[in-house]
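A.B. asks: Please see the structure below; I have some questions.
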Amino acid sequence: MFGFTKRPLLLIAWKNLKTYPVRIFLTTSSIILGVSVIIAANIFSESNKNAFDNLFSGVFEGIDLVVQPIQEDFAQGFGDDGGQGPISFEFRKISDKKINEIKTIAGVKDAWGDVIGFAQFIKFGPRPDCHSYNPECERETILIQNGFAPTFGAAWDTSPYASQWEIIDGQPPTNNKEVVMDSTTAEGNGFSVGDRVTVLAGAIPATFTIVGIAEFANTGSPGGASFALFDFRTAQVLLDSIGEVDFINVVVDENADINEVRNAISNIDSQGLEVINAQEAAAEQADSIKQGLDFFNTILNVFAGIAIFVGAFIIQNTFRILLLQRTKELSLLRALGTSKKQIYRLVVSESLYMAIIGSGLGVALGIGLSVVVKEGLKYFDFGLPEGPLVLTPSAAVTGIIIGVVVTIFSSLLPARKASQVSPLEAIRDSQSTPKRKSLFIRLIVGSSVSLSGLAVLFGVLYSFFRAPSLSVLQQVGLGASIIFIGISVITPSITKPFVSIFDKLYNTIFGILGKLATENSKRTPRRTASTASALMIGLTLISLANVLTTSFKAQAEKVVKEVVLADYQVSAAQIFSSPGIPTGLSQELLELEEVTELSRTRATVVGYNNRPLILGAVDKEVFDLIKTVDIAGSREDFYKQDAIGVLKFKADNDNISLNDRVTLTIPEVGKKDFIVKYIFDWTTQPPAEFFLLLDNHEFFSNESLDTEIYFNVTNKDEATKNKLDDIVDHYPGVTLRDQDALIDEANSQIQLLLNVIYGFLSISIFVALFGITNTLSLSVYERTREIGLMRAIGTLRKQIRNMVFIESSIISIFGAILGTGLGIFFSWSLIQALEDQGFTEFVVSAEQTFLWIGIAIFSGIVAAIIPAIRASRQNILEAISYE
Amino acid sequence: MEKIIKAKNLTKVYGEDGTSVTALNNVNLDFYENKFTAIMGQSGSGKSTLLHCLAGLDKVTSGSIYVKGVDLGSLNDKELTKIRRDSFGFVFQAFNLIPTLTAEENITLPSSIAGRKPNEEWINQIVNAVDIGDRLNHRPNELSGGQQQRVAAARAMATKPEVIFADEPSGNLDSKSSKELLTFMKSVVKELNQTIVMVTHDPFAASFAERVIMLKDGEVASDMEEPSQEEIISRVTSLSDI
Ligand SMILES: Nc1ncnc2c1ncn2[C@@H]1O[C@H](COP(=O)(O)OP(=O)(O)OP(=O)(O)O)[C@@H](O)[C@H]1O
Ligand SMILES: [Mg+2]
């Protein structure tokens, strides 16, 4: 019985795939990787969103209404630029008497107050940068922080309805000697019930006994934040809330109308209190955080896009090579009466099968990858909330659709080419020879595209052409993208000349093997070029990241050196959550005879034109220790009693000029008038917008915290440093830095960012390497006869392997040099574009550049291992026997 | 005359038990220096197999091959490869040349792989003999089939090998080119003291040889010294009649 099949081509397509599993693997590898990155990005962002949703619904679980004090706009706006430094906020709170008032309202089942503020656990032990055998290390104070997550102190809720925290070991705190620790912090730092721990709350460290370990809504702690939970009264004392609470949680009777209760509570003090629906608030807060995370998701998606883009190159390449190998088979089908259209469909349906298989595997790999990304970020201290990984069906479907569509599209051109194979090919013994003409057209098209890209880019840099409605940066980006596309079009036509540059060198070093390898890569310039292009993309991005960071570091160094004139700076270790530097520290420093000049900076929030504003106070010495620029008025006048200094940007924004009168509402003092005597520029991050002289104003003396201290010493030596350290070490949460340390600090932040970027970019390099493996495997396959012949006439296996390695090195060098060149050029353009914002430094690190080119070449050789081994094991007789 | 290759009880079986083919069955042959030997036989009689085994390109199933007294069976791949490189030359029926290399580079390829400087005087002599001096800088696809085979022959001789193995070297050529190539091969043996073992099924080609060995079903059916073309044809016919 002969089988009759209605769709013979689909069957042939499927049979083809089943017969050549290696072929499937080679082609699908890049689909798999591309899709997996999309899926990983998606899982990652979904999981984070999910974790935040849980977190916020956890925060308000079982709570119906939350009563908050109405904050005037105070806590929010700091003007455009100011307010990086630690500021003592004047948050409004609620009197704790209100709790009982609320409890008496009909329909209220229970109400309890919450106190929350800054508190941080401290442990003593060797610092990470200190060797454990050094006894000095034992005395180091370490502020415990889980990644970048904040550190909090709060009251333990005793209401039976409070279900946020759950004790997993021990018991709740009952007096002012006890504390409960969140389980994330406890596990991470080896604390358990019964241990003594020091907590820094307010500015004063105190020691407590851990009586319990608690979990928050079934995860260790919300968002990885550390929590010190005290009994209610203790929390009020420690967290600067005596007689007050931050907000009140209300549980409403099941049969009461929630809106009536809400109105009733509002009526107690409609001016000072607002009552919000807890569940709505949860959703709102989660949303606002998720928007913040969207930035990160965008980055992930960009990387996914790059991986897919690189993947498309490779898929197309692989298809083309596979079809070339099958010319005979396809032309036989043509000779047997298959139409062009049918061949086209045959190839496309093969790619469809591969796309489905590849995308499916990609989803699986993506799940694995997301675990890696998550762990990787943990390693780099990116504190994101704990939670299960979530793969939504829509994400999986999107990933598969993108994989399938990209694969099919990449197969269209090769399929068209394949369908044009003549039925005569089957009889002829054809050699693949590149078509010069189309390469020439490519050169023309690519060059014009690149030139127009250059015009767009230089147009904005040298201001002869501005694209409408684009910012400078956007236009540079646009120009760079056009240039990149142009270069990608050109690469096949410059492959030959490029490789020819290396001919002599390779011939001299590797002899005939070098000659063979260079000739091979010139033989199929398109293939060489598209393989190299995949690597080029990765290296363009890497060298871009690289040059930008070295330049930014140089910039940071220049700025710090220019701006910080003091020998030392003291600042609060944690910019956002720690309260500042206890004023005792500046006193102690002043008493040291080594300290020659010292300036303190304090800040407070005051009202100006019914808006909050940061008012700073400085010592005269600050002008010697920090670089400032005089704009108008004089410093001498600024030192007078009623004088006030204004930062230039604030003066410009608010139209303030010299000798204007400004009226400030100062919390402790009331309304007070000042005369603008000095307008100046503060060259670092300014600690405030308006400035007074510290000694002139009593109310500043009452502030217990400094924001920054700068000072000079007689002799900046080891002995002085030790003396200074002795003093500063008594103030936990405070860091002493000199210029070098400030530079290091800035650099390490830039480096951290770079590391994360490297992590993602290496995925694109990895995809590119698959491409190299594919290309070489197939090129080895194509040259079966040649290699067999060489073996027959006495070429050693090792020499065959070396030949493949050399060929791979040519492809990698091509891609790496093009990519690095483009990357350096693009970063130069970017820095030019950023000139207005004060970026002047453009530094290319030769080490980094050569390191990455080296890595690319080395990886290329690693990618060649399998093809090289396969080539050297080829059966000689099969290769030379005449069919 | 010195014995250069000795095949002793040579047997080659392809495939597994069920589908096995005995390509060579207990063949005993000696090949002498400075001699042009032809191996003949019908298609499938085992000619190529014999050549591959003698040249160390294929492993024998049983028996041994001695090249200047060295048992090929005792050598590993690296040593075998070096023997092929230094002591043997090859001309195949087709696809003899590396397409990316010029004629000259193809001729010097074996010395290049060995990392040796080619003997220029010797190469000039061969190049003149095969009459391709004006085509040295051309790539194979720019040469005619006959020229390609002559370049291959020149390559086979470039290292002054002990033996040149040729499998149907004239199989793809017209009678004129074929005659030129064979004349050259014969002259090489006579004038340049080379040794050639050539497989062919063409009595005309075989008539250039000094010795003709006939195979039938993997066994040596006859071994003739200096036969004329007529003698060869009649022997071929008589063998195929049986
Ligand atoms: N790799 C192989 N696997 C299995 N059988 C083989 C193999 N190579 C050759 N044979 C068989 O061994 C026998 C001898 O083959 P061989 O190639 O030596 O013949 P030949 O005399 O060179 O023929 P021709 O004149 O057609 O080239 C044939 O029956 C052939 O089918
Ligand atoms: Mg044969």
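A.B. asks: Can you name every residue in the stretch A:495-518 that is surrounded by fewer than 20 Cβ atoms within 10 Å (Cβ to Cβ) and assigned to a helix (DSSP H, G or I)?
C.D. replies: Within the stretch A:495-518, A:K496, A:P497, A:S500, A:I501, A:F502, A:D503, A:K504, A:L505, A:N507, A:T508, A:I509, A:F510 qualify.
A.B. asks: Would you be able to tell me the number of residues in the stretch B:46-82 that are within 9 Å of chain A (Cβ to nearest Cβ), touching a Leu at 6+ places or on another chain (Cβ under 7 Å) and either more than 15 Å from ligand 1 (Cβ to nearest atom) or of a type in the set (D, E, K, R) (or both)?
C.D. replies: The number of residues fulfilling the criteria is 3.
A.B. asks: Under 7 Å between Cβ atoms, which residue pairs at least 6 apart in sequence (or on different chains) link something in the stretch B:1-30 that is exposed (fewer than 12 other Cβ atoms within 10 Å of the Cβ) with a partner that is of a type in the set (D, E) and not in a strand (DSSP E or B)?
C.D. replies: Partner pairs satisfying both residue conditions: B:M1/B:E33; B:E2/B:E33.
A.B. asks: Return the total of residues in the stretch B:13-36 being within 21 Å of B:S228 (Cα to Cα) and either within 16 Å of ligand 2 (Cβ to nearest atom) or touching a helix residue (DSSP H, G or I) at 6+ places or on another chain (Cβ under 9 Å) (or both).
C.D. replies: 4
A.B. asks: Give me a count of the residues in the stretch B:204-235 that are within 16 Å of ligand 2 (Cβ to nearest atom) and in a helix (DSSP H, G or I).
C.D. replies: 2
A.B. asks: Additional query: Taking the conditions exactly as written (touching a Ser or Thr at 6+ places or on another chain (Cβ under 9 Å), within 14 Å of chain A (Cβ to nearest Cβ) and more than 16 Å from ligand 2 (Cβ to nearest atom)), does B:P169 satisfy them or not?
C.D. replies: no
A.B. asks: Taking the options B:Q148, B:Q93, name whichever one is within 11 Å of another protein chain (Cβ to nearest Cβ), closer than 23 Å to B:K186 by Cα and not in a strand (DSSP E or B).
C.D. replies: B:Q93
A.B. asks: Out of B:I39, B:I83, I need the residue that is within 15 Å of ligand 2 (Cβ to nearest atom), crowded, with 19+ Cβ neighbours inside 10 Å and of a type in the set (V, I, T). Which one? Break it down into steps so the answer makes sense when it comes.
C.D. replies: Values: B:I83 fails: within 15 Å of ligand 2 (Cβ to nearest atom).
It is B:I39.
A.B. asks: Next up: Output the number of the condition that B:M198 fails; it satisfies all remaining conditions of (1) among the hydrophobic types (A, V, I, L, M, F, W, C); (2) surrounded by 19 or more Cβ atoms within 10 Å (Cβ to Cβ); (3) more than 16 Å from ligand 1 (Cβ to nearest atom).
C.D. replies: (3)
A.B. asks: It is to be established whether one or more residues within the stretch B:170-190 are part of a loop (DSSP other than H, G, I, E, B) and either touching an Asp or Glu at 6+ places or on another chain (Cβ under 6 Å) or closer than 26 Å to B:K82 by Cβ (or both).
C.D. replies: Checked against the condition, which is being part of a loop (DSSP other than H, G, I, E, B) and either touching an Asp or Glu at 6+ places or on another chain (Cβ under 6 Å) or closer than 26 Å to B:K82 by Cβ (or both), the stretch B:170-190 yields no hits at all.
A.B. asks: Search the stretch A:506-526 for residues that are assigned by TED's automatic domain parsing to the domain that holds A:I793 and of a type in the set (S, T, N, Q) and pair each with any residue that is at pLDDT 85 or above and not in a helix (DSSP H, G or I) when their beta-carbon atoms are under 8 Å apart and the residues are at least 6 apart or on different chains.
C.D. replies: Filtered contacts from the stretch A:506-526: A:N520/B:T100.
A.B. asks: Also: Looking at A:A746, A:A816, can you tell me which residue is surrounded by 20 or more Cβ atoms within 10 Å (Cβ to Cβ), more than 14 Å from every other protein chain (Cβ to nearest Cβ) and under 27 Å from the mean Cα position of the chain (by Cα)?
C.D. replies: A:A816
A.B. asks: How many of the residues making up the stretch A:674-725 are hydroxyl-bearing (S, T, Y), in a loop (DSSP other than H, G, I, E, B) and more than 39 Å from the chain's Cα centre (by Cα)?
C.D. replies: Residues meeting the conditions: 1.
A.B. asks: All but one of (1) in contact with a Ser or Thr (Cβ under 8 Å, 6 or more places away or on another chain); (2) facing chain B (nearest Cβ under 9 Å); (3) on the phi < 0 side of the Ramachandran plot hold for A:G794; state the number of the condition that does not hold.
C.D. replies: (3)
A.B. asks: How many residues are under 17 Å from the mean Cα position of the chain (by Cα) and touching a residue at least 40 places away in the same chain (Cβ under 8 Å) if we restrict to the stretch B:53-65?
C.D. replies: Residues meeting the conditions: 5.
A.B. asks: Would you check which residues across the stretch B:96-112 are among the β-branched types (V, I, T) and facing chain A (nearest Cβ under 7 Å) and list them?
C.D. replies: B:I98, B:T100
The values are calculated or read from the model by the stated rules, or taken from the named source; none is laboratory data. The model shown is predicted, which means the values in this text are computed figures rather than measured ones. Note that we place each Cβ from the backbone using ideal geometry, even for glycine, and neighbour counts take in every protein chain shown.
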